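The values are calculated or read from the model by the stated rules, or taken from the named source; none is laboratory data. What you see is a predicted model, and the numbers here were worked out from it, not measured in a lab. Note that each Cβ is placed from the backbone with ideal geometry, even for glycine, and that neighbours are counted across all protein chains shown.
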């Protein structure tokens with residue numbers, strides 16, 4: 001099974017206070033349905049680009065699209081530094 005990922009722009013997320021996703025050919029977006037999707041092989045071949053922790057973070061598309069608000073809030077908290085709210 002191949003997994004697919006949304007890529008979060010970490011600095012843009014911190015600046016906006018909400019998850020900001022890479023969008024193909026457009027500015028970053030807070031809308032997951034407008035976000036670029038990358039397959040697992042692409043992420044694994046280029047972790048420095050897609051999931052380096054400092055500027056980017058790869059999140060399973062299923063986490064985003066299945067409306068898992070607690071998980072998404074934990075991801076946001078881990079990026080912007082509100083650890084006391086993380087579960």
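Kindly establish whether residue 2 is assigned to a loop (DSSP other than H, G, I, E, B) and without any contact (Cβ under 8 Å) to a residue 60 or more places away in the chain.
The answer is yes for residue 2.
Considering the range 6-20 alone, what residues qualify as being free of Cβ contacts under 8 Å to residues at least 24 places away in the same chain and touching a strand residue (DSSP E or B) at 6+ places or on another chain (Cβ under 6 Å)?
Answer for the range 6-20, where residues must be free of Cβ contacts under 8 Å to residues at least 24 places away in the same chain and touching a strand residue (DSSP E or B) at 6+ places or on another chain (Cβ under 6 Å): 12, 20.
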Would you be able to say whether some residue in the range 74-83 is touching a residue at least 24 places away in the same chain (Cβ under 8 Å) and closer than 21 Å to residue 2 by Cα?
no
Every residue in the range 56-73 that is farther than 12 Å from residue 5 by Cβ and exposed (fewer than 14 other Cβ atoms within 10 Å of the Cβ), please.
66, 67, 69, 70
Residue 52: outside any helix (DSSP H, G or I), surrounded by 12 or more Cβ atoms within 10 Å (Cβ to Cβ) and either at pLDDT 90 or above or within 12 Å of the chain's Cα centre (by Cα) (or both), yes or no?
yes
Pull up the range 5-42, narrow it to residues that are part of a loop (DSSP other than H, G, I, E, B) and in contact with a helix residue (DSSP H, G or I) (Cβ under 6 Å, 6 or more places away or on another chain), then point me to the one that is nearest to residue 64 (Cα to Cα).
19
